[in-house]
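Here the structure is laid out as structure tokens; the discussion comes afterwards.
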Amino acid sequence: MKQGAIRLGLVLFPAVAVTASLFVGRYPVGLQEVIGALLPLDGVSPTARVLILDVRLPRALGAALVGASLALSGAVFQGIFRNPLVDSRILGVSSGAAFGAALALLLGIPWYLVDAFAFGFGLLAVFLVVLVARRFGNSVLVLVISGILVGSLFSAFLGMIKYVADPLDVLPAITFWLLGSLSGTRWDAVEKLLVVCVMGAGTLLLLRWRLNLLTLDEREAAALGVNATRLRTRVILVGTLLVASAVSQAGMIGWIGLITPHAARALTGPDHSRVLPASMLMGAGFLVLLDLLSRTLMRSEIPLGILTGIVGVPAFLLLFMRHLARGGGWR
Amino acid sequence: MRALLAVAVALLLGLGAFPQGKLVVTDQAGNHVEIETPVKRVVSLYGVATMYLYALGVQDRLVLGTFVGLKPGSPSWEALMSVDPGLPDKYTRTKPSLEEALAREPDLVLASLWKDPEATEEFVPFDVPVVILHAEDVEGIRGTTELLGRIFGVEERAARLLSYFDAMVRAIASAVAGLGAARPRTLFVGARPLRVASGEMYQTQLIELAGGDPVAAQLRGYWQDVDIEQLFLWDPEVIFIAPYGKVTPEDLLNDPLWHGISAVRSRRVHKMPRVFAPWDIPTPESFLGLLWMATKLHPDIGIDVVAEVKAFYREFYGYELPDGLVTVIEG
């Protein structure tokens, strides 16, 4: 009964958030016009129609998909590294993607290829990490250390690019991208995000039982017939795809991948078959709500990466304190 | 012993370069600066100020300087080369280090109040006077022009520059008043389509002087990223795009989302030209930016912008505007 209510709430959360974002924005669009644009009915001004169908809707869906991808990857990474402090940054994906985007902006590559660069370099970073780890025994420790090293290397390259970038045009573009934003998310971006998110979520959900085994000791897992190394590599690649896709569309958005899985675990318990979908739904809902704030609070946009930290962290601190006060814990 | 030697050397050097004159000026940070004249070797840490040396015809005194968004080999580079063949040796892409600056043996350093307020202190131990400048608005441009005119002994030319500007502001004001036309709602876009100049920026002052109504005047700070809904709310009738960055009028005109905006529907979207420096940067060339804006905002104003621009470059820079640039300005 209680689980049923939680499940319903989790599904409703992103749905309500997306619906709400259709009705809220800086440009006043009446309730009837929003509904009229969606149905679609006549008598809706062209401006309102464009705003609802081509600005607010793709942006809200984009936020949901980015949030879901980041939260899901965070949840699986925390599981396979048996470490609750892990998120997408652990394997250098974010640093690689950030460097890729900055490089594309520096070289003056067209806008629509910037996300491809981010995606490619995010993958390259993890590829390097896995390569190093494979060479040195493939333990979790080696993976984490090589992840930190590769990530730091790309961060240094990124710093170099920022240093030489033209402060009039290139540097602001890089900074904007690094702070994270869903501004200008159109339907083509939603399609790209959807494909990766569906593929990634599908694969990970199919693996959900075996993921539980990865939280065990490697020898125990082997005794149960699971090749931990191979499974881990596979999961890392899928998680990386999810992060790279999210980062390449929305820039650097921290915190969601780290904390949402904890909130999900607090609600559903540690079983991956429940934590994964719960993380996705919560990540989706939260990012939609935060993006709603980012585009409505002020005349100018508040970068999403800043907002996730300022609004999200205190909110979750409260949540955790209540959870701990009730004697709950999480793995 | 060593101290004694140092004193002796200093005395000798001092005798060798016997000062021909001493000038005490108050710079734009309010510091009293003692300068030995004539000033022959200038290091400029402030790209905007560097451009004043060219307008005042003293570019041969520049030994090292940053510029404004200048890339070697670009059309602006070629243009500057034709009035200053020594450019490659004095051009620096990023701010030079203290030692790099000292190695050029400057007898004056120009720095920005905004970026390098501590430059004065930095050069004190080396007995190099620093003049802090703040050419970020009309008032600042005036002060910078007068101050540099005095320092380089070209007061008459500085005065001519300023009276040219004053005459232009008056001419535009009376022409706009004579037309009895409304002030078009105007937006100034930067290196991204949704990045706009705030009310505290020079670009907004230019719009006002050119007879436009700056819609983003209430934004504070520097460039601001806004949501497209905010743009719909403002509904600008004219959009100017900064000379730097990759945004083109076609980007906006061909984007169906932007068709809800008046300026796009009436195709009044213009990319600002640049010759030596971008015309929206507060250098003397921005006087032409103002003129150009006025003719775009009020096409019936009766000013021959090409003739004016050609005459300005001929008089103040000794530069004949090539046909390629004439097309850009007419465009």
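Quick note: the coordinates plus some simple rules give every number you see, no bench work behind them. The shown structure was predicted, so the numbers you read here are calculated from the model rather than taken from an experiment. Note: ideal-geometry Cβ built from the backbone for every residue, glycine included; neighbour counts use all protein chains shown.
Tabulated data for the structure shown
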{"read-out": "GNM result for chain B, Cα springs below 10 Å: residue of B:Glu308, B:Glu99, B:Glu285 fluctuating most strongly", "value": "B:Glu99"}
{"read-out": "Given charges at beta-carbon only (K, R positive; D, E negative), |dipole| of chain A in Debye", "value": "960"}
{"read-out": "Coil-residue chymotrypsin sites (Phe, Trp or Tyr not before Pro) of the stretch B:207-243, DSSP, other Cβ within 10 Å capped at 14", "value": "B:Tyr222"}
{"read-out": "Cross-link pairs B:Lys95/B:Lys246; B:Lys271/B:Lys296; B:Lys40/B:Lys90 - those with Cα-Cα distance over 20 Å", "value": "B:Lys95/B:Lys246"}
{"read-out": "Computed helical MRE - 222 nm, chain B, DSSP H runs ≥ 4 contributing -39500 (n - 2.57), nearest 500", "value": "-12500 deg cm²/dmol"}
{"read-out": "Using alpha-carbon coordinates, inclination of helix B:305-317 to the longest axis of chain B, degrees", "value": "0"}
{"read-out": "Shape of chain B, Cα gyration tensor, a/c cut at 1.5", "value": "prolate"}
{"read-out": "Debye, to nearest 20: dipole size of the protein assembly as shown, +1 on Lys, Arg Cβ, -1 on Asp, Glu Cβ", "value": "3240"}
{"read-out": "Dipole moment magnitude, nearest 20 debye, the stretch B:16-153 about Cα centre, only Lys, Arg, Asp, Glu C-beta charged", "value": "360"}
{"read-out": "DSSP-assigned coil residues among trypsin sites (Lys or Arg not before Pro) in the stretch A:155-247, each with at most 15 further Cβ atoms within 10 Å", "value": "A:Arg186"}
{"read-out": "Of the GluC sites (Glu not before Pro) in the stretch B:104-145, those whose Cβ has at most 16 other Cβ within 10 Å and which sit in DSSP loop", "value": "B:Glu118"}
{"read-out": "Beta bridges per DSSP with both ends in the stretch B:160-330, % antiparallel, nearest 5", "value": "30"}
{"read-out": "Among A:Ser45, A:Ser21, A:Ser73: highest mean-square fluctuation, GNM of chain A, C-alpha pairs under 10 Å", "value": "A:Ser45"}
{"read-out": "Chain B: most fluctuating residue of B:Gln230, B:Gln20, B:Gln59 per GNM, C-alpha cutoff 10 Å", "value": "B:Gln20"}
{"read-out": "Rounded if a/c under 1.5, otherwise prolate or oblate - chain A, Cα gyration tensor axes", "value": "oblate"}
{"read-out": "Proximal charge balance of A:Ser69 [Cβ under 15 Å; K/R count +1, D/E count -1]", "value": "-2"}
